[in-house]
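Computed from the coordinates by the stated procedures, all read-outs in this text should not be read as laboratory data. Not measured: the values here are computed from a predicted model. As a convention, Cβ positions derive from the backbone with ideal geometry for all residues, glycine included, and neighbour counts pool all protein chains shown.
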Amino acid sequence: VRISIFNDNRLGIVNSDRIHDVTSVLDALPARRYPLPRHDLLIEALPELRARLEQVARETPGIPLSEARLLSPIANPGKIVAAPVNYRKHLEEAIAEPETFSAAHVRRIQETGLFLKATSSLIGPSQAVRIRQSERRTDHEVELAVVIGRVCDRVAPFDALSYVAGYTIGLDITVRGPEERSMRKSIDTYTVLGPWIVTADEIGDPANLELAINVNDEPRQRANTRDLILGIPELIAFASSYYTLFPGDILLTGTPEGVGPIRAGDNMHADIERIGSMSVSVAD
Ligand code: MN
């Protein structure tokens, strides 16, 4: 099933080219008082709510997908975990261009470890990436994004995929330079998720998905998740060996070769096999 959040924070189920408003199902979520939990309540409840979501979707006529303003399909991720340089050819291009990729940041992922992006950087495809630090080089990075479905603490790779709720497309927008990744990649609007979550049962093995991004119709990145250095199960195991992952936590799995600059006025079009595609504009 394809789950989206659209317009005025409506919850939607996407079927081919229509989106069905299933917001009423959220009434089943437990009422919470302050302090609110730090994980995503909808993703946590998804196993119990799924049949109801699909039923309500069948009973409502829906609107054309093209008329919906798509927001981030995860409303409240507790954390956004991301993998640095996790495709071999991207590592090679980073080594070859030290004036763009600071040498201090270009090491094997097993040595660098993972980093975190601020949740305040998160937007959906209908909300433009807004360039700050416009005198600096700012790049697109298309990545497969994993949505964690249940509490995940020190899991082994063989078991890791059973903790995944679903997958979506991630854009890890990045200012190049010497600062810590968490600063350069946490600017408002610099994390895009969309167009929807595809539940894990519809993806099967995430280790063979084509991913691509065009900027103004020019092909920039084109790769397959089979070329990840640390695959999805290994990334989940690695992350959960340091911190517990909670429902709705996001894991950006790393970007392949072909990263390049974006500027105000550009349009990015990203797609990942079996998930879908999204267009995201770039503004001042
Ligand atoms: Mn990245």
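Quick one: length gained pulling D201 to N224 fully straight, 0.36 nm per residue minus the C-alpha distance?
Full extension from D201 to N224 adds 6.3 nm.
What do the square roots of 5 times the Cα gyration tensor eigenvalues come to for the stretch 1-155, in whole Å, largest first, as semi-axes of the equivalent ellipsoid?
35, 20, 15
Pop out the Kirkwood hydrodynamic radius of the chain from its pairwise C-alpha distances, inverse of mean 1/r, in Å to one decimal.
Roughly 19.0 Å, rounded to one decimal.
Tell me the label-point distance for the pair R50, S182, using the 7 Å Cα-to-Cβ offset, in nm and rounded to one decimal.
3.4 nm
Find how many whole Å separate the alpha carbon centroid of the stretch 242-284 from the alpha carbon centroid of the stretch 99-178.
8 Å
Convex hull over the Cα atoms of the stretch 47-116, averaged projected area in nm²?
8.7 nm²
What is the projected area of the convex hull of the Cα atoms of the stretch 176-233, averaged over all directions, in nm²?
Averaged projected hull area, Cα only: 6.1 nm².
Starting from the Cα of T244, step 7 Å along the direction of its Cβ; do the same at R150; then give the gap between the two resulting points in nm.
Going by the 7 Å Cα→Cβ label model, 1.5 nm.
Give me the log10 of I(q) over I(0) for the stretch 182-284 at q = 0.11, 0.14, 0.20, 0.21 Å⁻¹, as the Debye formula computes it from C-alpha points; what are the numbers?
With no solvent term, the Cα-only Debye profile gives -0.40, -0.65, -1.30, -1.40.
Taking the chain as the reference, fit the longest principal axis to its C-alpha atoms, fit the long axis of helix 41-59 to the helix C-alpha atoms, and give the angle between the two in degrees, 0 to 90, nearest 10.
60 degrees
If you restrict to DSSP beta bridges whose two residues both lie in the chain, what percentage is antiparallel, to the nearest 5?
Here the share of antiparallel DSSP bridges comes out near 90 percent.
Compute the distance from the alpha-carbon center of the stretch 55-77 to that of the stretch 35-52, in whole Å.
17 Å
Report the far tail of the P(r) of the stretch 113-167, meaning the percent of Cα-Cα pairs longer than 12 Å.
When all Cα pairs of the stretch 113-167 are counted, 80 percent exceed 12 Å.
Calculate for the chain the 222 nm mean residue ellipticity that helices alone would give, adding -39,500 (n - 2.57) per DSSP H run of length 4 or more and normalising by residue count, nearest 500 deg cm²/dmol.
Counting only the DSSP helices, I get -5000 deg cm²/dmol.
Per Stokes-Einstein, at 20 °C and 1.002 mPa s, what whole-number D in µm² s⁻¹ belongs to the stretch 120-236, with the Kirkwood radius over Cα pairs as the hydrodynamic radius?
Rounded, D is 137 µm²/s.
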